[in-house]
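Notes to accompany the following structure.
The values are calculated or read from the model by the stated rules, or taken from the named source; none is laboratory data. Remember, predicted model here, so these are calculated numbers, not experimental data. Quick reminder, even Gly has a Cβ in these numbers, built from the backbone with ideal geometry, and neighbours come from all protein chains shown. Remember, those area values only see protein heavy atoms, side chains included, never the ligands or the DNA or RNA. Shrake-Rupley method; radii C 1.70, N 1.55, O 1.52, S 1.80 Å.
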Amino acid sequence: MTTEIESILVENRVFPPPEDLVKQANVSGMEGYQALCDEARRDPDAFWARLANENLVWTKPFTQVLDESSKPFYKFYPDGQMNVSANCLDKHLGTPTENRTALIFEADDGKVTKVTYKELLARVSQFANALKAQGFKTGERAVIYLPMSIEAVVAMQACARLGIIHSVVFGGFSAKSIHERTVDVGATLIITADAQIRGGKTIALKSAVDEALAMGGCDAVRKVITYKRAGSDVQWDAKRDLWWHDVIQGQSTDCPPVAVDADHPLFILYTSGSTGKPKGVQHSSAGFLLWSLMTMKWTFDAKPTDVFWCTADVGWVTGHSYVTYGPLAAGVTQIVFEGVPTYPDAGRFWKMIQEHKVTIFYTAPTAIRSLTKASEADAKVHPKSFDLSSLRIIGSVGEPINPEAWVWYYNNVGNQRCPVIDTWWQTETGAHMITPLPGVTPLKPGSCTLPLPGIDAAIVDETGEEVERGKGGFLVIRRPWPSMIRTIWGDPERFKKTYFPEELKGYYLAGDGAQRDKDGYFWIMGRIDDVLNVSGHRLGTMEVESALVAHDMVAEAAVVGRPDDTTGEAVVAFVVLNGPLPQGDDAAAVAKQLRDWVAKEIGPIAKPREIRFGENLPKTRSGKIMRRLLRVVAKGEPITQDVSTLENPGILDQLSQVR
Ligand code: WT7
């Protein structure tokens, strides 16, 4: 009882913004924030026009701001032209930024490589020239399957420079995922590495690409360019394969950026949905870059002197907006880290912050929770054992940060000086949507606080009516914004159905449940669909289920999430085998086989934490699997719900037995 009251008290604590930040932040004080909100509300088009004119370099200025003629397929700045790479690199030429460090790359083994803005531009241009020499053109699609590296940033920027649309596949994903995405985007080019090195281990990448291409249907792929990272053995197809170091040989370090339409797709990034295959979220060039840059300035208060570190991999949207694009457009120095937070020990992040004098640090709640545990066990890796005084802002992304983790982060990493910036957004939104601003917003642990200026967020019921404060509902965005998803690649119908359901008055449906408190603060309650959030990344239950049933032994499978202290949610699978119900050691062996199978089919992140076998699954009389009940079983809680509508209520007992 007492602990419950205490934890409620903690959640009600309010942390005002630090005085010094209020004074010198890019958005200063609540009045500064309100003024921007008012400007956006009064005349949204004028607001988006001003930001785009003041913050982007245009080769052809736009005369129209928002084209709503084929909504919900909105276009921003439809007649304007620009180039994203020029806006990240060329624009710094002739300014003091050109000789500043753009990237501090720290390898898994600790080796540090620094690249200035001028050098980065040269490397991007040289690689872009290599792509041109190989015949790749504006509008083609490139799959990028690279480890965290300078080359990953170079490859993405080089594509942007030529208007080649990239689709980055996370290095932890399997050959099957590469195959699916390569086919779906119709890639003509794949850029990969021989291997990646993480936590002291070498993990092959090129061989996964080979395997994906051998699955068939990828005939459009003309070349695979491989960056030699580890010096591992690779198989070679002389007609198709090229080394990175060979293709750049003799290429000029000067490559004029290709001006593209503002809405030219910059990238396609796949994300899980509740049904069907992952969705290819298509982003624009100008709108996406504008909001990545504005949020660098507003949310992170970025100044040219900052050392920024977003720990996300370029395989996720966070690594697009806050590694490859936003930070470079903002002209900060940033860290790119190859390794993992726990190698050589769990003090790695803190040691790196200390050594590189990081000022803005952005990571995920799952990392915070696992490092909390590690530092409770070993004082040597505790953040208090390091000098983190360079930090001024610390951020969080990917899932709700629970108040305990928030307060630990605030006390131990931020030393009670740095605001914790809990940013709510999604792959589809391109950049931050609801977030505190460091020099503005009083913080409440567990709340992502208030929408950014121009972002019309609301909580509505199933008819689109706004609900009362304190009541839960669907989180929607009522007006279009520049960095919004443009469509699902190759599936405009699914785009409309998923994000703009008719009942909701044309609002963008985020798929999260949320509520607002009396101060208007947003509290995200979690997904409204069957999507799990494991370590800050979305996983469709459907994808894991398809992988399971693709195995010869499996007849049927249902997957649910169970709350987990470290990863947020853990995957629990209920499986019906083709043969008899396995028992004891046999069950354990089959479970292991299936877990490894899922890791191979999708990637280790999707590996079920637990597999339970049954002779059947709980179903309604119409044959629908009752996941609601499975969620209760997965938590190990007794079933108190009405089960009278079940076809086979007895099955719950069988599934509840812990094996
Ligand atoms: C989903 C989006 C945002 C980039 C990384 C994940 C959850 C994300 C928060 C937050 C509460 C959050 C939501 C959202 N989420 N950030 N600060 N507080 N929930 O991108 O894979 O597209 O997932 O992550 O459920 O819809 P994503």
Can you say whether Thr311 is open to solvent by 10 Å² or more (accessible area, probe 1.4 Å) and away from the ligand (no atom under 14 Å from the Cβ), as far as the supplied structure shows? no
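Could we say that Thr253 is touching a residue at least 60 places away in the same chain (Cβ under 8 Å) and touching a His at 6+ places or on another chain (Cβ under 7 Å) here? Give the derivation first.
Working: touching a residue at least 60 places away in the same chain (Cβ under 8 Å): yes; touching a His at 6+ places or on another chain (Cβ under 7 Å): no.
No; evaluated as a whole, the condition is false for this residue.
Would you point out which residue out of Thr271, Thr226 is open to solvent by less than 40 Å² (accessible area, probe 1.4 Å) and either farther than 19 Å from Glu180 by Cα or away from the ligand (no atom under 16 Å from the Cβ) (or both)?
Numbers: Thr271 fails: either farther than 19 Å from Glu180 by Cα or away from the ligand (no atom under 16 Å from the Cβ) (or both).
Going through Thr271, Thr226 in turn, the sole match is Thr226.
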In segment 352-366, anything closer than 12 Å to Val413 by Cα, open to solvent by less than 20 Å² (accessible area, probe 1.4 Å) and in a helix (DSSP H, G or I) is listed as Ile353
Phe337 passes all but one of the listed conditions (1) open to solvent by less than 10 Å² (accessible area, probe 1.4 Å); (2) among the aromatic types (Phe, Trp, Tyr); (3) over 23 Å from Ser28 (Cα atoms); the exception is number (1)
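With the condition kept exactly as written, say whether any residue in segment 550-566 is of a type in the set (S, T, N, Q) and farther than 30 Å from Pro365 by Cα.
The first filter runs over segment 550-566 and keeps only residues of a type in the set (S, T, N, Q), leaving 566.
Filter once more, keeping what is farther than 30 Å from Pro365 by Cα: none.
No, there is no match, as no residue in segment 550-566 is of a type in the set (S, T, N, Q) and farther than 30 Å from Pro365 by Cα.
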Residues in segment 559-574 that are over 13 Å from Leu532 (Cα atoms) and modelled with pLDDT under 95 total 2
Considering residues that are over 15 Å from Gln426 (Cβ atoms) and touching a residue at least 60 places away in the same chain (Cβ under 8 Å), the number found within segment 501-518 is 2
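Being open to solvent by less than 10 Å² (accessible area, probe 1.4 Å) and assigned to a loop (DSSP other than H, G, I, E, B) is the filter; apply it to segment 57-82 and report the residue that is nearest to Pro257 (Cα to Cα).
Kept after step one, since they are open to solvent by less than 10 Å² (accessible area, probe 1.4 Å), are these residues of segment 57-82: 76-77, 80, 82.
Now restrict to residues that are assigned to a loop (DSSP other than H, G, I, E, B): 77, 80.
Values: Tyr77: 19, Gly80: 15 Å.
Looking at residues that are open to solvent by less than 10 Å² (accessible area, probe 1.4 Å) and assigned to a loop (DSSP other than H, G, I, E, B), I get Gly80.
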So the strands (runs of 3 or more DSSP E) completely within segment 194-310 holding 3 or more residues that are within 24 Å of the chain's Cα centre (by Cα) and more than 15 Å from Leu146 (Cα to Cα) are 267-271, 279-283, 307-310
Pairs returned, first residue in segment 411-433 that is within 7 Å of the ligand (Cβ to nearest atom), second residue that is assigned to a helix (DSSP H, G or I), beta-carbon separation under 6 angstrom, 6 or more apart or interchain, are Thr427/Val317
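For Lys592, state whether it is closer than 26 Å to Leu205 by Cα and free of Cβ contacts under 8 Å to residues at least 24 places away in the same chain. Quick ask: steps written out before the conclusion?
On the way: closer than 26 Å to Leu205 by Cα: yes; free of Cβ contacts under 8 Å to residues at least 24 places away in the same chain: yes.
It is true that Lys592 is closer than 26 Å to Leu205 by Cα and free of Cβ contacts under 8 Å to residues at least 24 places away in the same chain.
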- request: Kindly check whether there is at least one residue in segment 431-444 that is of a type outside the set (A, V, I, L, M) and open to solvent by 10 Å² or more (accessible area, probe 1.4 Å).
  value: yes
Note on segment 406-432: residues more than 13 Å from Thr363 (Cβ to Cβ) and in a strand (DSSP E or B) are Trp424
Filter segment 367-405 for residues that are away from the ligand (no atom under 13 Å from the Cβ), part of a loop (DSSP other than H, G, I, E, B) and aliphatic (A, V, I, L, M); the one that is farthest from the chain's Cα centre (by Cα) is Leu388
